[in-house]
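The values are calculated or read from the model by the stated rules, or taken from the named source; none is laboratory data. Note that the structure is a prediction, hence the values are computed from the model and not measured. Every residue, glycine as well, gets a Cβ built from its backbone with ideal geometry; the counts of neighbours run over all protein chains shown.
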Amino acid sequence: MTRALLLLSSLAALLALASGCTYSVHEVTAAGFAPADAAPAPRKGEWIHARGEQSVVLGITDNTDYVDRAYAELVSQCPGDIVGLSTRTSTSLGFLSYTNVVEMRAMCLR
């Protein structure tokens with residue numbers, strides 16, 4: 001009976017550890033807070049946002065340019081100057097897999 005109980009509790013602990021997920025923020029950076037070029041008239045500021053993800057299963061992925069794609073998406077949203085860029089990288093861990101995420105926010109001056 002004791003051996004069966006030990007085996008059952010060990011199995012329950014293994015399942016709890018194997019199915020648990022964690023989340024980790026690696027880095028938050030800020031750049032581009034220098035004064036923008038002087039314009040003849042006041043410009044309108046608008047927040048823009050882009051996000052990129054990379055899914056990895058068993059250490060294998062085919063998406064290695066997710067940060068470049070997110071940056072290109074951010075730049076495509078703004079015909080003017082981009083200032084105040086904030087970049088956040090994080091990882092969401094799952095069972096035998098994880099997802100890398102990059103989020104970029106900036107102010108677009110039109």
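Listed by first and then second residue, the pairs with beta-carbon distance under 7 Å, at least 6 apart or on different chains, first residue in the range 92-110 and within 10 Å of CYS21 (Cα to Cα), second of a type in the set (Phe, Trp, Tyr) and surrounded by 14 or more Cβ atoms within 10 Å (Cβ to Cβ), are SER92/TYR98. The residue pairs whose first member lies in the range 44-58 and is among the charged types (D, E, K, R), whose second member is loosely packed, with under 14 Cβ neighbours inside 10 Å, and whose beta carbons are closer than 7 Å, counting only pairs six or more residues apart or on different chains, are LYS44/ARG110; GLU46/ARG110. Could you please find all residues in the range 21-62 being part of a loop (DSSP other than H, G, I, E, B), in contact with a strand residue (DSSP E or B) (Cβ under 6 Å, 6 or more places away or on another chain) and closer than 11 Å to GLY84 by Cα? Matches in the range 21-62: GLY32, PHE33, ALA36. In the range 22-38, what residues are small (Gly, Ala, Ser) and free of Cβ contacts under 8 Å to residues at least 40 places away in the same chain? ALA38 - this is the single residue of the range 22-38 that is small (Gly, Ala, Ser) and free of Cβ contacts under 8 Å to residues at least 40 places away in the same chain. Which members of the range 86-110 meet the condition of being of a type in the set (A, V, I, L, M, F, W, C), in contact with a helix residue (DSSP H, G or I) (Cβ under 8 Å, 6 or more places away or on another chain) and closer than 15 Å to ARG51 by Cα? Matches in the range 86-110: VAL102, MET104, ALA106.
For the residues GLU53, GLU46, the requirement of being modelled with pLDDT of 80 or more, under 28 Å from VAL102 (Cα atoms) and in contact with a Leu (Cβ under 9 Å, 6 or more places away or on another chain) singles out GLU46.
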